[in-house]
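A quick write-up on the structure given underneath.
Taken together, the values in this text are just the output of simple stated rules run on the coordinates, not laboratory data. Every value quoted in this text rests on a predicted model; they were computed, and no experiment measured them. Neighbour counts run over all protein chains shown; Cβ positions are idealised from the backbone, glycine included.
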Amino acid sequence: MSKRFDEDNYKHWKDTFKFQSYNDETAEYKDVKLNMEDVMDRIDHYRKKYDEDDAFVRAVIDTHENVVKIMFTKDLAHLIESITIGGLAKVLQSLREGRGEMEIWSVARPADGNWFLVKGTFSKKELANMNLTKKVPEDKNPETKENPETGLKKKEETAVQKLKTNEVLGLENLPIKIKSKVREKMTQGWSPETPYPLFKEFYNKSQINSIFNDKIIIYKLKPTKEFFDSLVDNSPKISLQRGFCRSIFLAKADSDISNNHQKIVNHVLDKCDKKYKGKLGIYNRF
């Protein structure tokens, strides 16, 4: 946001800088009254490349075409020349810099509409005879264009991380080829969701290649008697995940479950059905 009139920078600028115009008929310099609304509307353009004093002075020059000279007490401000000069102009600059306590800068305004900020006292004629080439610094905080592949890698990485806790949301941003492979594995009872620590020993582990990142780890439940015993003991401690529900659904069909186990399995599946409405990623029902 631009600095406003009652803030510290405005007071510093007002107390520090004097801007002058030149009357060709009277050969006199005259202080320029600034239109600060115009200056503050323009200053952010220069803040991208210059510090505050430089940005302010350049905004003044850009919005006040009659400014040809800037004066301020030495060491109270810092400006950067927008050109490189040499030859006699360089000698004159060195001689005129050393006079008094005031630092004086001149503004060259060629007919092509450009303007140049030159350190030292120079007449309009002297400036017109200089070989001036404008220098513009790089942005202070340049915007870096992200490589398209980097963007795709980040998107896939985010999706892979999300798969570990929510396979539905994770699938949304996976590349099409990888998404298809994960879904195929899901219909076979695998899940990219990380198993609950209580049951981790009861899972087989496999991998699916990603395109840009590390391999995707997938898990498949081993429906052993020991697992169902653990489920009976620990079911109140778990919060349901879609991949876990699918594992229980498939285990029920593929296992010889005791009556005691059947009761807890039915209870878990009833909760799963209410939460996911039967959409567990089985037989392509996603």
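Past 18 Å, Cα to Cα, is the threshold; run Lys225/Lys277; Lys185/Lys222; Lys153/Lys179; Lys30/Lys69; Lys11/Lys49 against it and keep the listed order. Those over the limit are Lys225/Lys277; Lys11/Lys49.
A full extension of the chain between Gln161 and Glu81 corresponds to an added length of 23.7 nm, given 0.36 nm per residue minus the alpha carbon distance. Once C-alpha pairs closer than 8 Å and six or more residues apart are averaged by separation and normalised to the residue number of the stretch 185-286, the relative contact order reads 30 percent. Here r is the Cβ-Cβ distance between Thr224 and Lys177 and R0 is 41 Å; the resulting FRET efficiency, rounded to 0.05, is 0.75.
Treating r as the C-beta distance of Ala27 and Ala111 and R0 as 22 Å, the FRET efficiency rounds to 0.55.
The stretch between Gln262 and Asn204, if pulled fully straight at 0.36 nm per residue, gains 18.6 nm over its current Cα-Cα span. Multiplying the residue separation of Asp41 and Val232 by 0.36 nm and removing their Cα-Cα distance gives an extension gain of 61.7 nm. Under 5 Å between amide hydrogens, built in the peptide plane, is the criterion, and for Ile218 it picks out Ser206, Gln207, Ile208 among residues at least 5 positions away or on other chains. A Förster distance of 25 Å, applied to the separation of the beta-carbon atoms of Lys271 and Gln188, puts the FRET efficiency at 0.60. With θ taken as phi - 60° and the Karplus curve 6.51 cos²θ - 1.76 cosθ + 1.60 applied, the whole-hertz 3J(HN,Hα) list for the stretch 37-46 is 4, 5, 4, 5, 5, 9, 5, 4, 4, 8 Hz, x standing for glycine and proline. Taking packing as the residue-averaged number of other Cβ atoms within 10 angstrom, the listed peptides 271-277, 36-42 run from highest to lowest as 36-42, 271-277.
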